[in-house]
Every structure is written in C-alpha cells, then in structure tokens.
Amino acid sequence: MNISASGLKELKASEAFREFAYPDVASLLYKTYPKARWGFKPASEILETLPGSAKSLSGTPWTVGYGQTVGITPDSQMTEKAAEINLRVKIGKYEDAVERACTITPTQGQFDALVQLAWNVMSAVNPKTSSIIKAHNRGDWQAASRAFGLYNRAKGKADKGLTLRRAREGAAYLAASPVVNPALPETVEESGVPSVLLTSSSVDEERPMRKSEINIASTAAGGSAAVAAAAETVNSISAIKSGVSTLADWAVPILLIAVVCLCVYIVWQRGVQRKNGWA
C-alpha cells in the first residue's frame, strides 16, 4: 500500500516545511532560546546573534525540510522541491513498516494515519511493543485510536503539540475504520493548530508497563505486604500451637493479604487499560 495524496498532504502540514536547519524542540539549545527564528534563517546567523555560550549547547538532532534529520547539520539548507523529493523517496520505508505490522489489512485512511504516525515515531508501528498495532490486529479500532495518545511525550513530558497531533491522527484512523463513521477530523489547516517541530528521535516511545509509576508502587507495596503477611501468619500459627490464639491474632495477616490482593488488582487493571488504548 501507499499513502494517499491527501494523507501525504496532511503529513507535510504536520511536519511543516523549513528551509533552514533548526534544533530539536526538546534540545537544550532550543529550550534556552525558543524565540529565535529557527528554521526561517540560517542557524549560523542566528547563533551569531546569541551569547557565545549558545554555541556550546546541543541542538541535535538538527532537522530541515519535512522532518529530515539524517546527515543534517546547523548549516544544512533545503529547497521545498528537494524536501518534497526527499519525502517521497523515504516515505516508502514507513509504508513498508506499517504494511508488515498489520495482519488485518488497513483501510486507506487507517493506513495514512499509521504512516503519518510512523514518520514521527517509528516504534509506534512495532507489532511487538505498540498498543496501536496490537489493537488494530485484533480489530479493536476504538482501542487503536485511543492508543495514538500514548505517543505524546518528549523527554518524558507530555507535549501539547504532540497531544494535538496524535488526536488528529487517532481521529482520522477511527473515521476511516470499518463500521465506524464519526464526524471527520479536522486537518492541520482547518484546526489552526501550529505544526509540531519535534523529530522522531525526540518523541518518546510507548512506555512499558513495567515502568509505570502506579505499577511500580503497587508491586512494591504488594511485595512488602506479602512478606509481612507471611511473617504474621507464622506468628499466628505459633500462637495456635501454644494454645493462646485469638481472632485478633489473625486480623493483621488477613489485612495484609487484602492489601496484596488489592495491589495485584491494580496492576491487572492497568494492563487492561493499556490493552484498550488508555494512557
């Protein structure tokens, strides 16, 4: 399959053409000088107007054209025609990745949305780790659409621009899904939302469940409670053997076992939520 003309147009609008190289939005250089005219003037000229310390700040990965990052330096420049050719040549890699990942053939609109996402963050179409692809391959369009929102972080923090971009892509995917016909999503031009200058290398991958703060806390609490419950149970059994056991002796181990069960339930529920595409 190939991305459609309208899908390619939406991708170009999301990426936003830049003639001159600009530093990654998540880089220290951009964060320090966010108001500089990056992408609209040669980076070397901009750096000359900034304090000398600016030259020591990292701006990698530098980007130009329609999100091209390979081999790009602060001095790179690209015409719109060259960027268009570059995009059409390289898009095939992402089309192939989406096609290989999908065991259920996507509709054209679904395919377009997935390719647009892959161009921004390739790991989002990895069938082994992507909640989007897993949901798509079991025919759960709603869950797949929601899971686009899992890729809205840069350097560990939710990014407003990425959140809006993922919402557009997820809505476009769902609108094109079989037996689903919600109102068509706004395009980048219709929404009036500025494009996101975040390259694929700066968009975070989907965070594994083992790194979820809730899961880590629940596992730690449950493990501690399990150890304490085992110790208290031993004490209660000893009390029975001594003939001095009372109902109160079992209150603590029962309570601790309840805590363990609650923690297990929380972790299980988090797994269910992720399967259904919730962040």
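Values as computed for the structure displayed
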| item | result |
| --- | --- |
| Flag for Ser177 being at negative phi, buried (at least 24 other Cβ atoms within 10 Å of the Cβ) and not basic (Lys, Arg) | no |
| Count - residues of segment 38-69 that are surrounded by fewer than 13 Cβ atoms within 10 Å (Cβ to Cβ) and within 17 Å of Ala16 (Cα to Cα) | 1 |
| Selection from segment 59-104 of residues that are in contact (Cβ under 8 Å) with a residue 40 or more places away in the chain and β-branched (Val, Ile, Thr) | Thr63, Val64, Thr69, Ile72, Thr73, Thr79, Ile91, Val98 |
| All helices (runs of 4 or more DSSP H) inside segment 2-82 with 3 or more residues being within 30 Å of Pro106 (Cβ to Cβ) and among the small types (Gly, Ala, Ser) | 5-15 |
| Test result for Asp112, in the same structural domain as Thr32 (by TED's automatic domain parsing), assigned to a helix (DSSP H, G or I) and without any contact (Cβ under 8 Å) to a residue 40 or more places away in the chain | no |
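The values are calculated or read from the model by the stated rules, or taken from the named source; none is laboratory data. Predicted, not measured: the structure shown is a model, and the values here were computed from it. Note that we place each Cβ from the backbone using ideal geometry, even for glycine, and neighbour counts take in every protein chain shown.
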